[in-house]
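Have a look at the structure below before the remarks.
The values are calculated or read from the model by the stated rules, or taken from the named source; none is laboratory data. Treat the numbers as computed from the prediction; the structure is a model and nothing was measured. Heads up, the Cβs are rebuilt from the backbone with ideal geometry, glycines too, and the neighbour counts pull from every protein chain shown.
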Amino acid sequence: MDLELLSRIQFGFTIGFHYLFPPLSIGLSIFLVIMEGTYLKTKNELYHQMTRFWVRIFGLIFALGVASGIVMEFQFGTNWATYSRFVGDVFGSALAAEGVFAFFLESGFLAIILFGWDKVKPRTHFIATLLVAFGAHFSAIWIVVANSWQQTPTGYHIVESGMNARAEILDFWQVVFNPSFLDRISHVYMGAWQAAAFFVLSVSAFYLLKKKHVEFARGSMKIAVAVALFASIMQLVTGHSSAATLAQTQPAKLAAFEGHYAASAPAGLYLLGWVDETDEETIGIQIPGFLSFLIAFDTQTPVTGLKAFPPEDRPPVNLVFQSYHLMVAIGMLLILLAVVGAITYRSGQLFKMRWLLWVFVFSVLLPQAANQLGWFSAEVGRQPWIVYGLLRTSEALSKSVTASEVVISLVLFALIYILLFVLFLYLLNEKIQHGPVDDRVAEEGRRA
């Protein structure tokens, strides 16, 4: 295997593992705000119990997210030195803002919401919870700014040339509000809320099946069903908006998503299929003209296809086509599950349908799979560009790193991350098996 592919696999593996955790922490922060806010308003101890339980889960997930995320930044310097030089001036401001304004805000007030229950006033604790949630969402903004700029670069100019060329900011706000940013950040947020909602649904369904912590499970499930329904529907809306933007900013990626080869012709929407990249055709079940309709509300509107680009400027089409369609299929299944969950919860039938509760137990995997597939589709669909239209991935590598060094580091990362993941699952299982405890009652018992 060559150096470029190995470096991409290594970075993809580390960021893919890391991305298991931030969506959960972002989404769970919303649940903490809702639960603790409801407790302050109603003084119902059930919501106090719910908040304390999910805060512990949030702390564990946050810790794993931090531990797994540090490695990625080092890889910019070790494996992607040319890329780091090219984007350093642009990324420096965004990543510095993420660290200074967002990460420290989130991590600083996390100590209060974890350990400050009996040390600060309830309203002060709630303000800390709000700030943690704000920090989690604010952190995502700067990461998405950096990634979106790679996809749709604006607000810059190129200084120097050759191996020393680099992008330099001309307009900071154009960098922030690049053409794909708003679509991408809203899509990321909805994916995070989905991941957390189905995680809460999974744990709640498990308790109901085991007839443990029933009131706690019903209360958590009530909030989770509402968030899941909202986030799942909005994920479809933001996904559509993102695809419409792609038609203007990254037409080769959109063409790969739908296996559309004709240089300029009305495009259908494939429900499923297979792309023959040799014969440049897609075989499958298609709704004729529907992609054109989704983009321009006209089935006859031409859509730029892959033949408008030379072969060396096209992404690996079938790989992107399959990952994108699998993501969409999972997204539609999540909408169905959220609708069914809302209807059966409202009617009171959900708690009697053991098969559906088992479905919700395992549904926790679906948003995570969709998030990974979405990220994979977006990043592989950008190829062969690491910065779209400006810097090719093959040109972004470090010149002093060898393939054997990347293999060794990849194996070591894999071993460490496997151990981390096993530890995470063990601790998470311990917390779930232990279940929610009314800490005030427990403290009174210890004093007695």
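Details
- Matching residues in the range 356-402 - criterion: being in a loop (DSSP other than H, G, I, E, B), closer than 22 Å to L337 by Cβ and not hydrophobic (A, V, I, L, M, F, W, C): S363
- Test: A111 is in contact with a helix residue (DSSP H, G or I) (Cβ under 8 Å, 6 or more places away or on another chain), assigned by TED's automatic domain parsing to the domain that holds F86 and over 30 Å from V380 (Cβ atoms): no
For (1) at positive phi; (2) assigned to a helix (DSSP H, G or I); (3) at pLDDT below 90; (4) of a type in the set (V, I, T), each residue gets a yes or a no:
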site: L95; (1), (2), (3), (4): no, yes, yes, no
site: S107; (1), (2), (3), (4): no, yes, yes, no
site: A128; (1), (2), (3), (4): no, yes, no, no
site: P153; (1), (2), (3), (4): no, no, no, no
site: N178; (1), (2), (3), (4): no, no, no, no
site: S186; (1), (2), (3), (4): no, yes, no, no
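- Candidates are the residues of the range 82-112 that are of a type in the set (V, I, T) and over 21 Å from S29 (Cβ atoms); the one that is surrounded by the fewest Cβ atoms within 10 Å (Cβ to Cβ) is T82.
- Residue in the range 386-398 that is under 22 Å from T238 (Cβ atoms) and buried (at least 17 other Cβ atoms within 10 Å of the Cβ) present: yes
- Residue that is surrounded by the fewest Cβ atoms within 10 Å (Cβ to Cβ), among those in the range 3-37 that are touching a residue at least 60 places away in the same chain (Cβ under 8 Å) and outside any helix (DSSP H, G or I): L20
- In the range 346-365, the residue that is nearest to L254 (Cα to Cα) out of those that are surrounded by fewer than 13 Cβ atoms within 10 Å (Cβ to Cβ) and in contact (Cβ under 8 Å) with a residue 60 or more places away in the chain is F362.
- Residues of the range 319-334 satisfying the condition of being surrounded by 16 or more Cβ atoms within 10 Å (Cβ to Cβ) and within 19 Å of Y270 (Cα to Cα): L319, V320, F321, Q322, S323, Y324, H325, L326, M327, V328, I330, G331
- S93 vs. criteria among the hydroxyl-bearing types (S, T, Y) and touching a Gly at 6+ places or on another chain (Cβ under 8 Å): no
- Residue match in the range 159-173 (condition: surrounded by fewer than 19 Cβ atoms within 10 Å (Cβ to Cβ), in the same structural domain as G88 (by TED's automatic domain parsing), free of Cβ contacts under 8 Å to residues at least 40 places away in the same chain and in a helix (DSSP H, G or I)): yes
- Residues in the range 216-229 that are surrounded by fewer than 21 Cβ atoms within 10 Å (Cβ to Cβ) and closer than 17 Å to M353 by Cα: 2 in all.
- Applying a threshold of 7 Å to beta carbon distances and a minimum spacing of six or more residues, or different chains, the list of pairs starting in the range 91-118 at a residue that is free of Cβ contacts under 8 Å to residues at least 24 places away in the same chain and ending at one that is part of a loop (DSSP other than H, G, I, E, B) and surrounded by fewer than 18 Cβ atoms within 10 Å (Cβ to Cβ) reads I112/V120.
- Candidates S68, S84, filtered to the one that is in contact with a Gly (Cβ under 8 Å, 6 or more places away or on another chain), farther than 30 Å from V214 by Cα and polar (S, T, N, Q): S84
- Just one of (1) of a type outside the set (A, V, I, L, M); (2) surrounded by fewer than 22 Cβ atoms within 10 Å (Cβ to Cβ); (3) within 30 Å of P266 (Cβ to Cβ); (4) in contact with a helix residue (DSSP H, G or I) (Cβ under 6 Å, 6 or more places away or on another chain) fails for F206. It is (3).
- V422 exposed (fewer than 14 other Cβ atoms within 10 Å of the Cβ) and either at pLDDT 90 or above or not in a helix (DSSP H, G or I) (or both): yes
- Condition met for L229 (under 30 Å from T51 (Cα atoms) and assigned to a helix (DSSP H, G or I)): yes
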